[in-house]
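One structure is given here, and the rest of the page talks about it.
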Amino acid sequence: HSKADVAKLFESLHKVDPRFRLAFLLAAELRIGQALLCLRSHLNLQGDQTNAHGTLTIPVAGTKPSVTLALMQDQRALLDDCLTVGYLRHLEAAYQSGALRDYPIFAGGRLRDGAIRVRGSLPFWNRRSALDEFHRLEVVAGISPEKGRAWYGVRRLFSDILPLHTDDNVLLGQLGAHTVETRDRLYRDRQAPDLLSRARQIRATVRASLQ
């Protein structure tokens with residue numbers, strides 16, 4: 001995908017399934033398939049002086065490391081909308097009341113009246129459905145889907161751009177969820193608030209450059 005393609009994808013997110021809209025807005029630079037495994041308990045909405053909008057931790061998936069995102073303002077705004085009046089409103093109400101101990105942020109199943117209903121089984125949204133929605137996003141954005149090209153093309157673009165903004169291996173690992181050298185893991189904490197804050201600032205700068 002080109003810069004122009006990715007800009008069109010962001011501009012067209014409001015036209016697709018709200019689950020994919022949220023997943024793409026949160027994790028376009030990362031592994032979207034891994035982000036689909038997030039639970040409500042991975043979301044921390046209690047901001048602090050360093051990261052005012054809270055954080056989301058994308059969990060470990062096989063050999064893929066976890067990564068914690070310091071939420072940007074637009075990400076937090078969409079999350080708040082999804083949790084209060086959007087597709088997660090019923091699940092979040094049950095979670096806040098204690099009726100649900102946890103739930104998938106990207107729950108599978110049909111949306112009824114634009115929302116996921118509370119039920120006995122809450123599976124994760126399957127990767128195939130999410131990938132189909134990505135290709136639908138490409139179409140509504142005026143981009144021709146290419147066989148064999150998934151959202152990795154978006155991540156690849158960001159991977160090419162991000163080194164222009166920092167040469168810090170640990171920070172690049174945080175930005176792109178790449179595994180960093182053992183030496184760096186030993187001497188620096190990838191979850192440190194200042195690192196998350198710096199990653200958020202670079203993410204915002206790079207996304208703004210695509211507009």
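Some observations on this one:
- For the stretch 149-163, the criterion of a residue being touching a residue at least 24 places away in the same chain (Cβ under 8 Å), more than 18 Å from LYS3 (Cα to Cα) and touching a His at 6+ places or on another chain (Cβ under 9 Å) is satisfied by no position.
- Residue within the stretch 61-78 that is open to solvent by 20 Å² or more (accessible area, probe 1.4 Å), aliphatic (A, V, I, L, M) and without any contact (Cβ under 8 Å) to a residue 40 or more places away in the chain present: yes
- Single residue of the stretch 82-114 satisfying the filter (open to solvent by 20 Å² or more (accessible area, probe 1.4 Å) and in contact with a strand residue (DSSP E or B) (Cβ under 7 Å, 6 or more places away or on another chain)) that is nearest to LEU39 (Cα to Cα): ASP102
- Meets criteria (surrounded by fewer than 19 Cβ atoms within 10 Å (Cβ to Cβ), at pLDDT 80 or above and either touching a helix residue (DSSP H, G or I) at 6+ places or on another chain (Cβ under 9 Å) or not small (Gly, Ala, Ser) (or both)) for ALA204: yes
- Of everything in the stretch 116-158 that is touching a Lys or Arg at 6+ places or on another chain (Cβ under 9 Å), in a helix (DSSP H, G or I) and aliphatic (A, V, I, L, M), the residue that is most open to solvent (accessible area, probe 1.4 Å) is VAL140.
- Matching residues, the stretch 6-24, being touching a residue at least 60 places away in the same chain (Cβ under 8 Å) and open to solvent by 30 Å² or more (accessible area, probe 1.4 Å): LYS8, PHE10, GLU11, LYS15, PRO18
- Flag if SER2 is over 9 Å from the mean Cα position of the chain (by Cα) and either modelled with pLDDT of 95 or more or within 25 Å of GLY98 (Cα to Cα) (or both): no
- Of all residues in the stretch 126-164, those satisfying the criterion of being more than 26 Å from LEU111 (Cα to Cα), within 15 Å of the chain's Cα centre (by Cα) and of a type outside the set (Ser, Thr, Tyr) are VAL154, ARG155, PHE158.
The values are calculated or read from the model by the stated rules, or taken from the named source; none is laboratory data. What you see is a predicted model, and the numbers here were worked out from it, not measured in a lab. In this analysis, Cβ positions are derived from the backbone assuming ideal geometry, glycine residues included, and neighbour counts consider all displayed protein chains. Keep in mind that these areas ignore ligands, DNA and RNA; they rest on the heavy atoms of the full protein, side chains included. Shrake-Rupley method; radii C 1.70, N 1.55, O 1.52, S 1.80 Å.
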